[in-house]
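Encoded as structure tokens, the structure appears first; notes follow it.
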Amino acid sequence: MLRFYRFKQWFLLLLVSVVFLAGCTSATPSQTNGENDQSSGKGNGGEGGTVVIAAPIEPDTMDMHLTAWYDDANTRIYDFLLARNETGKIIPGLAESYSVSDDGKAWTFKLRKDVKFHSGAPLTAESVKLSVDRCLKICPDKSMLGPIEKVEVPEPSTVKITLTEKYAPFLTIAADFLAVLDPARVDELGDKFGNNPSATGPLVFREKMRGASLTYKLNKAYRWSPENAENKDAPYLDEVVFRFIKDDDTKMLEFKKGTIQIFQQVPTNYVKELESIPGVEISKTLEAGMNYLGFNNQHPFFQDVRVRQAIAMTVDRTPIVQYAMSGLAEPIHGPLPTTIPGYSQKVEEMAKEMYKRDITKSKQLLADAGWMDTNGDGILEKNGEPFSTELMIEGGTEKQKIAVILQSQLKEVGIDVKITTVTDWLTFRDRMAKGTHEMFLNEYGWLDPDILHLIFGKGNSTKLYFETDELEALLIKGRQEIDEDRRMKAYEEVGEYLVKASPWVPLYNRETVTAYRDIEGFKSSASTGVIFQDIKLKKK
Amino acid sequence: MCHLQKYVLKRFLSLFGTLFGVSVLVFLIVHMIPGDPARYIVGKNASEEAVKAMRAQLGLDQPLITQYFDYLGNLVRGDLGTSLFTGIPVWEEIVSRFPITFQLAVYGVVLGSAIGILLGVIAAVKQNTLLDRLVNTLSTISISAPDFWVILFVIWLFAYQFGWFPISGYDGFYSLVLPSLTIGLFSIGFIAKMTRSSMLDVIKQDYMRTAEAKGVATWARVFAHGLQNAVIPIITLIGLQFGGLLAGAVITETVFALPGIGYFAIEAVIKRDIPTVQGVVLFVALLYTVVNLVTDIVYSFFDPRVRYE
């Protein structure tokens, strides 16, 4: 009896603990924004409602200056000095105009006068200066802002940013990174700004459940929307919730059930099923980036340009795009895709022609480089060493399928490929930094052709290990040319150089698929993200 | 001081040794695996210079021994550190996520134990009958069924088709019913099998025959005399399962999109969030040790022959 009594005590204790814990957590978000924003719903903003989005990744922080991940879930709190339209063209943002000095070093931005922070305080040039200075102080990669020398405020609504050298990508930085933070909130929270951010963007932070969701109110005072939005009045929706569901099948069930209205980055294997569901609409946008087969150009196998060219003309992109990517990609031959400024049709055609699939020519090039099958085993040899190389990949099924296709294609010319799969990006990147890799599948992404300097520039090429004086000169020319037409011409030269040198084999430009339902006015692109102020719930 | 108190004290003292060992091991492991968190923080397009600067800022360029003693010093002061990525103290992250994992573990184990023990007892009493074979088959299915598919099936049926529960996410007790059910389903098989085997040993004992001869009702005999004597290995198994679940039911948390500790730890490993990995592992080691201790103490409630010396 006594024992049963004791057991009952333990059981009750356990029960009480569970109930207590349940009570502790049932409605306790990690962080909430206690303030009432100063916005007011007027005009056509009366429709209201909440849209739930299945977002691909939970951002590490909502502080634009500290995050390593930028997407709709954490950047739409902010507006930038400049903006982009859906084709990637720079358009006015918080700055209604800008000018560049003759020496290309001083950038002057004239700010709009009607912009307010979520707290209600007006946007000033001083707040822009504080934001830039803060980033220069605390951003993990300060170089992402370019070579800034100083920031001045000549007038209350004019900001002048002086660079130490001519730097054309600064336009991209102004459009993609120069977010303006509410200085009062920065003062209040310091490096904890990300816990309760305030800026000028269309989304106002409301609540965060770590590991689960981020909830935003729509900024009903938002009247300074860039040209990319049709709705110039208050946003229609009341609330947007980003949910971070890791499992794709769960996301799919939630979406089909109608508890999620926007499903971002739909896996390729679900697209057909979603397309067949009545009421579901699909948006496909090409990414501002490119996937490629990379060589470690320092490795003895790939130092000879003829070997690299031979591999380039062995690769057939059709099965990669059709089979591995389920048709949700565009094949690429040149170094820049159509979605990044600097793309040149001429360079693309040149690469396509130069590396048209030709097994005979490929074998000849390899033979010229000294690679021949001397023992009849189907694998090439040079000085007794077989052409047996590693293809390192990181990621899931798509990359594995591509690797197998490439393995089979390269076997046709006598190159033996062994596939190594690493489970995470850091291990993958670590091997590249050590230079112990041989071939690899990788991608890059940025909305400026200067990305090529980050890949091939002197001291930067720690994946492909391909740096030459000539290429550096061409890249610097592109980086320093402020005139847009002349700059694009400069990247055409870079493109031609890279096509001939073939330090990589460009493969494809992926299409990002977004599925949505029960809403109208949905628009999204690689350069604009989702335009929230145009979205409204469909009337049922 | 009685034997039990001395025993508990001794076990608590040995806990510090265990935690110290764990701290050394986890520190070495997270620093030895390839992958530099600095690279993750500065982003994919950052230069090597930026990576180096970030390593210096994080103190990762210091000798390993210096880093360990810094970490140990903070640990002694009760500071588990701050996440390299979110800037949130690791302890706060654990506190916000652990209650979900804890509830899931408790509900799952209670459900699994209740059904598992009942089935095990039935199988033992009805040994070599159709019922016994049925329980054996169900247990084997419970043990061998792939977690992922069972969870998806449960979601599809009860949440998607019938709409009785939410598909995913955490919104109080109601949202934990399906996840707990799946965890319970996976525990049933092990517990039923262990109960059956343990009960079969007990049923053959003389005191069971005596009870039968004295006319004690079958089910009273089985539960009051039989199960009480067979319960020690079952408690051990339940304790181990519970301890394991406190480290997070990763697949269940992932598929049900529950912000528990399991997926949080996995994500920290992927990103090489060193303070988070170290903090979570230490916390889980502490819990596991405490659960084992509690399991050992619980033995004496069921079996007075157990002595703590």
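Go through region B:1-104 and tell me which helices (runs of 4 or more DSSP H), entirely inside it, have 1 or more residues that are within 12 Å of chain A (Cβ to nearest Cβ) and of a type in the set (D, E, K, R). Step through it out loud before you land on a result.
Numbers: elements: B:3-32, B:37-42, B:48-58, B:64-76.
So the answer is B:37-42, B:48-58.
Results for (1) touching a Phe, Trp or Tyr at 6+ places or on another chain (Cβ under 7 Å); (2) surrounded by fewer than 18 Cβ atoms within 10 Å (Cβ to Cβ); (3) of a type outside the set (Gly, Ala, Ser), shown as yes or no for each residue.
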position: A:278; (1), (2), (3): no, yes, yes
position: A:282; (1), (2), (3): no, yes, yes
position: A:291; (1), (2), (3): yes, no, yes
position: A:311; (1), (2), (3): no, no, yes
position: A:316; (1), (2), (3): no, yes, yes
position: A:336; (1), (2), (3): yes, no, yes
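Kindly provide the set of residues from region B:41-93 that are of a type in the set (Gly, Ala, Ser), surrounded by fewer than 14 Cβ atoms within 10 Å (Cβ to Cβ) and under 31 Å from the mean Cα position of the chain (by Cα), ordered by number.
Going residue by residue through region B:41-93, those that are of a type in the set (Gly, Ala, Ser) are B:43, B:46-47, B:50, B:53, B:56, B:59, B:73, B:78, B:81, B:83, B:87.
So of that shortlist, the ones also surrounded by fewer than 14 Cβ atoms within 10 Å (Cβ to Cβ) come out as B:56, B:59, B:73, B:78.
Matches in region B:41-93: B:73, B:78.
One line per residue, one yes/no per condition, for (1) assigned to a helix (DSSP H, G or I); (2) farther than 24 Å from residue B:20 by Cα; (3) small (Gly, Ala, Ser):
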| position | (1), (2), (3) |
| --- | --- |
| B:251 | yes, yes, no |
| B:276 | yes, no, no |
| B:285 | yes, no, yes |
| B:291 | yes, no, no |
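Of all residues being over 17 Å from residue B:254 (Cβ atoms) and at the interface with another protein chain (Cβ under 7 Å from one of its Cβ atoms) in region B:153-180, which is surrounded by the most Cβ atoms within 10 Å (Cβ to Cβ)? Just the residue, please. Before you say what the answer is, go through the steps one by one.
Keep residues of region B:153-180 that are over 17 Å from residue B:254 (Cβ atoms), which gives B:157-158, B:160-165, B:171-174, B:177.
Now restrict to residues that are at the interface with another protein chain (Cβ under 7 Å from one of its Cβ atoms): B:160, B:172-173.
Numbers: B:160: 16, B:172: 12, B:173: 14.
Checking each candidate, the answer is B:160.
Taking region B:200-236, which residues are free of Cβ contacts under 8 Å to residues at least 12 places away in the same chain and assigned to a loop (DSSP other than H, G, I, E, B)?
Narrowing region B:200-236 to residues free of Cβ contacts under 8 Å to residues at least 12 places away in the same chain: B:204, B:206, B:209-210, B:212-217, B:219-220, B:224.
Result: B:204, B:214, B:215, B:216, B:217.
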Here the qualifying pairs (Cβ atoms under 9 Å; residues six or more apart or on different chains; first in region A:489-500 and free of Cβ contacts under 8 Å to residues at least 24 places away in the same chain; second among the basic types (Lys, Arg)) come out as A:490/A:477; A:490/A:479; A:493/A:477
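Please specify each residue of region A:216-243 satisfying the condition of being closer than 30 Å to residue B:158 by Cα and buried (at least 21 other Cβ atoms within 10 Å of the Cβ).
Kept after step one, since they are closer than 30 Å to residue B:158 by Cα, are these residues of region A:216-243: A:239-243.
Across region A:216-243, the qualifying residues are A:240, A:242, A:243.
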Among B:184, B:239, the single one that is without any contact (Cβ under 8 Å) to a residue 60 or more places away in the chain, within 19 Å of the chain's Cα centre (by Cα) and either part of a helix (DSSP H, G or I) or more than 30 Å from residue B:156 (Cβ to Cβ) (or both) is B:239
Suppose we filter region A:237-266 for residues that are more than 7 Å from chain B (Cβ to nearest Cβ), assigned to a loop (DSSP other than H, G, I, E, B) and under 23 Å from residue A:60 (Cβ atoms); how many remain? 4
Can you tell me how many residues in region A:83-118 are in contact with a helix residue (DSSP H, G or I) (Cβ under 8 Å, 6 or more places away or on another chain) and outside any loop (DSSP other than H, G, I, E, B)? 8
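Within region A:395-432, can you find the residues that are at positive phi and away from chain B (no Cβ under 14 Å)? Even if it seems obvious, please write down each step before you answer.
So the first thing to find is which residues in region A:395-432 are at positive phi, and the list is A:395, A:414.
Scanning region A:395-432 gives a single hit, A:414.
Each value in this text was obtained by applying a stated rule to the coordinates, not by laboratory testing. The structure presented is a predicted model; accordingly, all values stated were derived computationally and were not measured. Note that each Cβ is placed from the backbone with ideal geometry, even for glycine, and that neighbours are counted across all protein chains shown.
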